[in-house]
Amino acid sequence: MVVKAFVDTNILLRALLIDMDLHTPAAMLIRRMLEEGAELWISGQVIREFIVQATHPRTLNQPLTMTEVIAEINKVAPLFQIADETAQVRAKLLELLEAYPTRGKQVHDANIVATMLVNGIDTLLTINVDDFRRFDDQIKLLTLGDTALGAAFEL
């Protein structure tokens, strides 16, 4: 059975942009996942968040131009499956919001989890482990420096 892993924006951003802190470990994590045969997933939300961060002066000293961002997305898109935000995802999001204490920007995190669950994805690659810990009965969390990739893939 192929392992499905969702890549959070913070990992994607660091893996793709060499000027970001933690670039090397993020790139290594994605590379190791691909070598392990994992199927990597992102969503429209992650793509939008990537665009926002890569073009923002608080993220990068020299933000990317929109042309550069689009080229970067087009270059790496073949590595990922893209999860659509469907009516099923919206329904799952509302279910999660009722079941887990969530407010403000945390809704974005809940939407990622809803997208994962609807698409049968059980592993999340993220730097923001604390943001997703409330969902750890639903998903597995994998972050930078986790060397036991096999443990994350136990089915």
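Only the coordinates and a few stated rules stand behind these numbers; no lab work does. None of these values were measured; they are calculated from a predicted model. Here Cβ is always computed from backbone atoms with ideal geometry, including for glycine, and neighbour counts include all displayed protein chains.
Treating r as the C-beta distance of Thr67 and His23 and R0 as 25 Å, the FRET efficiency rounds to 0.70. The separation of the range 76-109 from the range 4-44, counted between C-alpha centres, amounts to 19 Å. Once the chain from Glu35 to Asp136 is taken as fully extended at 0.36 nm per residue, the excess over their C-alpha distance is 33.9 nm. Using only side-chain charges placed at the Cβ, +1 for Lys and Arg and -1 for Asp and Glu, the dipole size of the chain relative to its Cα centre rounds to 240 debye.
What does the helix-only formula give at 222 nm for the chain: each DSSP H stretch with n ≥ 4 adding -39500 (n - 2.57), the total divided by the residues, and the result rounded to the nearest 500 deg cm²/dmol?
On the way: 8 runs with 77 residues, N = 155.
Taken over the chain, the calculation gives -14500 deg cm²/dmol.
Among the trypsin sites (Lys or Arg not before Pro) found in the range 1-85, those both in a DSSP coil and sparsely packed, with 14 or fewer other Cβ atoms within 10 Å of their Cβ, are Arg58. Of the residues Ile30, Ile112, Pro57, the one whose Cα sits farthest toward the positive end of the charge dipole of the chain, with +1 on the Cβ of Lys and Arg and -1 on the Cβ of Asp and Glu, is Pro57.
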